[in-house]
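Input: a single structure, listed below in structure tokens.
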Amino acid sequence: MARYNARVAEPKWQKVWDKAGLFKAERDDSRAKYYVLEMFPYPSGRIHIGHTRNYTMGDVVARYKLACGFNVLHPMGFDAFGMPAENAALEKGVHPGTWTYQNIADMKAQLRPLGYTHDWSRSFATCDPEYYGQQQALFIDMLAAGLIYRKNAMVNWDPVDMTVLANEQVIDGKGWRSGAVVERRELTQWFFRISDYSEELLAAIDGLKDWPEKVRIMQANWIGKSRGLQFSFAVKDAPKGFEALEVYTTRPDTLMGASFAAISPDHPLAKELERSNPALAAFNAECRRVGTSEEALETAEKRGFDTGLKVIHPLDPNWELPVWVANFVLMDYGTGAIFGVPAHDQRDFDFVHFMAQKNGASLEIIPVFEPPAGEWGQDTAYTPMKSEKVRYSRNTATGRFQTNFGWDELSTGDEAVAAAITYCEANGIGKGVTKYRLRDWGISRQRYWGCPIPVVHCPDCGVVPESKASLPIRLPDDVTFDRPGNPLDHHPTWAATTCPNCGKPARRETDTMDTFVDSSWYFARFTAPRAKTPTDMAEASYWMNVDQYIGGVEHAILHLLYSRFFARAMMKTGHLPVSAIEPFNALFTQGMVTHEIYTSFRPIGGESPEQRARSLRRQVYHLPEEVEGLLPGSQARTFLKADVDKVMALHPQLDREGARDVLARQHPDNIDFPPVYVTPTAKMSKSKKNVVDPDDIIEQYGADTARWFVMSDSPPERDVEWTASGADGAWKHLQRVWRIVEEVLETPQTGEDADLTRATHRAIADVTAGIEGFAFNKAVAKLYEFTNTLARAKGDRRAAMRIMAQLMQPMTPHLAEEIWAAMGGEGLVSAAKWPVADPAMLMDSSIILPIQINGKRRSEISVPVEIDNKSVEELVLADPTVQRILAGQVPKKLIVVPGRIVNVVI
RNA sequence: GCCCGAGUGGCGGAAUGGUAGACGCAGGGGACUCAAAAUCCCCCGCCGCAAGGUGUGCCGGUUCGAGUCCGGCCUCGGGUACCA
């Protein structure tokens, strides 16, 4: 018998599909549309298993919806601007554009053999001038609509390379190339007014019924709506202009526990004071020697500096609080100033604790809540926190206030906060305000490989948008990467232009846009990818929204929130219909494919041994295919293949194992053979090189096996740690299905197998439910079961085999076509109507009812489906096992869950 | 630090609060074969000869009944606004 030959069959069917134009999407107002979209990839060079998993899921949905009769739009493109292209330019001297387009070509070549239904006629890359030119048009319209503005904001500054760094380029607080300690610096940058939409974006989350709950929670938390009190402290002996210190708090109920006020090192008052206080200036400078990332700021040790200034407590004119500068107060949130209540805020407490230990500073800890009886322990440092926990996490209404300001008898946090606000407002102390954590979206990047911001700086007219007629504002090709910083800034002529307004010489904006802008509207562009305007309203009105969006959880917040904002901004500027205000009807977040990371510290710089010994080392990453001798979790037993080869060349008498032993015995500081370290699994990413690409599997077994394999076993939403084993099993299964086909072809097919008919309907129902519910692993398991049934079945199996082909089609379309053709199916299985299960065929006449005694399974009985509870009880009590265990006792209770289980309680 | 997830045999995993381990991988045994590969059949959580006991990261709770619900932890993963 001939094996199924994927290598021949797969290209054959792909050609047939292409020729039939099965997947080319055309607007057809008479048909219902279905838009399925996978998050498009960054063209890093190769697709990896994570991509394969993502696109196969999308393809299963697309093929299923096609079979259900929808007019399906299933496009694919490339999110092609970004830092890696510039890094490649830096390291390999290749132009970012050349590198990117080559990668796109390579990745397309990898994707095509997988047999996806992507409509490549709609494809584009965000670095195509035709795309980013339209993005510039959007920018100009949004600027005119007041959605964009400029302001100062902090960036990571590398003081040695004199360049702005991305958070990713800051490693342990140091620049990744220079190794210099990074500082915060202020720069004028462009912003989208996303915070104007805070309330709307938050409220609309309720309507996203088909989004994962966790994503909705994360987005809501990110927007971070809070109700609090804003008031100002009067500053004693204040510098001119700083007589009032504005603070915001979500805990005005703890106002009586205030023991200090704290301001951010970036607060205007801090900057004013440091002019006459060198010690404070030094402290502030030290505080700024941290990157801008929230993680870095929040995990930094809490530090403070007493300014010597005092403020007056708003509820007691005789109560003075010291003003500190503290590194944990963020200028970006609230007013950049707080009051500290160490008894009821963990951060404030940590701060006081730390300052007391380090500096001997003494700040009071004043509890405002009376703790529940018995919880007021000896350890005064922690006791207040305990009482806090009791009040809030269990909400037990046991806390009480010790103040006399009208909110002292309230029990719960929210009520207390509200009462405190009411009291303060009534007494002119401050006002209740609603604040959001969400900040405006800064899009300025001081980099080359991005969409140029289409504005001009004119000495006379100021900032002027480009005219739309001059779009696209193209990136220059002749750029150099021989020095740090923005190549657009260094370019001799590019920035020189004339003012669109007055015609005088002017300078172009050299900042480019955040790549999140590119990915915030690509889904809309797919509906009319060649339009001469950003979108075509007729096309957008037909195809939008995306019915099913699929991508990694890592995009749960930023990309999805920016896209939701962008849909609103495009609506406001007339580029999307109102109906597309929430662009993604259903969202599915797949888990990530993870892999161990292999890394070593290789020398950089000088050539002589002495130089090398002294020179800096840089952490470099290695591809899984470059290492060998893996033992999970082991460090000494993992080596670079190249190192093993080198050792074998040096010592010809050694075999591979011997060479590894030599390597294993090297000192960790050995400069020629640094040890390879294995760090725990993380999502596959090109920058960490822990990627595995699907080509080996496709090469060895074909696309169907690769597709079947990534859909098997792991639930789609869960992370999977990649292991090479398993593809073989998938291949064996597909071969087995084909063997059944051949057996059917070679033996006479007569008679009917009623069990097979029932099993067929069962399979239709289960596989359909699996696909609809994004439980592809379960759909696959059901197909395994159905295969087992088919292998054993009697009678004519041809009809059942055709159903098998249809059910397999979304996952393994090529093999499915082959089976369909062999079993006499009409036309293409990819174009066949999805089968429907007959509900009558899904019912069984009798069921097995397990019997529990005190919750433990002891026996079972077989009963007709229609049986009544009384008959069940009789049968249960008559059961020999039950009688034996009862031993004459009368059960206390008999619980019958119809059709499910019986529990006898004794 | 903060926000969000996840944790079940050797492995991937299944299980509307109702028989824990479907289905698959690996493994063991057998059949076929001169032999191997391929294929087919059977077994397969742990302890135990068995009866039985025990078991879903840990501690506690609710329930006739908990992998599932509640409280408290631990570990791992994602995000943390300039990686995409």
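With respect to (1) at pLDDT 95 or above; (2) crowded, with 18+ Cβ neighbours inside 10 Å; (3) within 11 Å of RNA strand B (Cβ to nearest atom), the lone exception for A:A727 is condition (1). If you go through segment A:790-801 and pick out every residue that is over 15 Å from A:L745 (Cβ atoms) and open to solvent by 50 Å² or more (accessible area, probe 1.4 Å), you end up with 2.
Scanning segment A:840-863 for residues that are open to solvent by less than 90 Å² (accessible area, probe 1.4 Å) and farther than 28 Å from A:K892 by Cβ gives A:A840, A:M841, A:L842, A:S846. If you check A:G888, A:G855 for being modelled with pLDDT under 85 and over 30 Å from A:L114 (Cα atoms), only one passes: A:G888. Of all residue pairs spaced 6 or more apart or on separate chains, those with beta-carbon atoms under 6 Å, a first member in segment A:168-181 that is closer than 16 Å to A:P484 by Cα and within 11 Å of RNA strand B (Cβ to nearest atom) and a second member that is open to solvent by 30 Å² or more (accessible area, probe 1.4 Å) and at pLDDT below 90 are A:Q169/A:W176. Each residue in segment A:464-494 was checked for being touching an Asp or Glu at 6+ places or on another chain (Cβ under 8 Å) and over 23 Å from A:V94 (Cα atoms), and 1 of them qualify. For A:S232, the criteria (1) surrounded by fewer than 18 Cβ atoms within 10 Å (Cβ to Cβ); (2) free of Cβ contacts under 8 Å to residues at least 60 places away in the same chain hold in every case but one, which is (2).
Taking the listed residues A:E582, A:E554, the one that is open to solvent by 10 Å² or more (accessible area, probe 1.4 Å) and either at positive phi or away from RNA strand B (no atom under 16 Å from the Cβ) (or both) is A:E582, with no other qualifying. Inspection of segment A:843-862 identifies no residue that is near RNA strand B (Cβ under 10 Å from one of its atoms) and over 50 Å from the mean Cα position of the chain (by Cα). Output the residues belonging to segment A:3-31 that are part of a loop (DSSP other than H, G, I, E, B), out of contact with any Asp or Glu (no Cβ under 6 Å at 6 or more places or on another chain) and open to solvent by less than 60 Å² (accessible area, probe 1.4 Å). A:Y4, A:G21, A:L22, A:D28, listed by residue number.
Could you look through segment A:803-839, keep only residues that are open to solvent by 50 Å² or more (accessible area, probe 1.4 Å) and not basic (K, R), and pick out the one that is nearest to RNA strand B (Cβ to nearest atom)?
Top of the filtered list is A:P839.
With A:T515, A:T527 as the choices, which residue is open to solvent by 10 Å² or more (accessible area, probe 1.4 Å) and under 20 Å from A:Q135 (Cα atoms)?
On inspection, the qualifying residue turns out to be A:T515.
Any idea which residue in segment A:307-338 is nearest to A:K236 (Cα to Cα), counting only those that are more than 16 Å from RNA strand B (Cβ to nearest atom) and open to solvent by 70 Å² or more (accessible area, probe 1.4 Å)? The extreme case among them is A:K310. Under the condition of being open to solvent by 50 Å² or more (accessible area, probe 1.4 Å) and either within 12 Å of RNA strand B (Cβ to nearest atom) or among the aliphatic types (A, V, I, L, M) (or both), the residues counted in segment A:747-761 number 1. All conditions in (1) within 31 Å of the chain's Cα centre (by Cα); (2) surrounded by fewer than 17 Cβ atoms within 10 Å (Cβ to Cβ) hold for A:W708, with the sole exception of (2). Of the residues A:E866, A:E873, the single one that is more than 11 Å from RNA strand B (Cβ to nearest atom) and part of a helix (DSSP H, G or I) is A:E873.
Does segment A:519-555 hold any residues that are at pLDDT 95 or above, aliphatic (A, V, I, L, M) and touching a Ser or Thr at 6+ places or on another chain (Cβ under 9 Å), and which are they? Selection gives A:A524, A:A528, A:A540, A:M544, A:I550.
So, A:R792, is that one among the basic types (K, R), touching a residue at least 40 places away in the same chain (Cβ under 8 Å) and farther than 23 Å from A:G69 by Cβ or not?
No, not satisfied.
Name the single residue that is most open to solvent (accessible area, probe 1.4 Å) among those in segment A:641-658 being of a type in the set (A, V, I, L, M), within 17 Å of A:S600 (Cβ to Cβ) and touching an Asp or Glu at 6+ places or on another chain (Cβ under 9 Å). This residue is A:A642.
Kindly indicate whether A:E717 is surrounded by fewer than 18 Cβ atoms within 10 Å (Cβ to Cβ), in contact with a Pro (Cβ under 8 Å, 6 or more places away or on another chain) and among the acidic types (D, E).
Here the answer is yes, as A:E717 does meet what is asked.
The values are calculated or read from the model by the stated rules, or taken from the named source; none is laboratory data. The structure displayed is predicted, hence computed values, not measured ones. Positions of Cβ are backbone-derived with ideal geometry, glycine not excepted, and every protein chain shown enters the neighbour counts. Quick note on the areas: whole protein, heavy atoms, side chains included, nothing else; ligands and nucleic acids left out. Shrake-Rupley method; radii C 1.70, N 1.55, O 1.52, S 1.80 Å.
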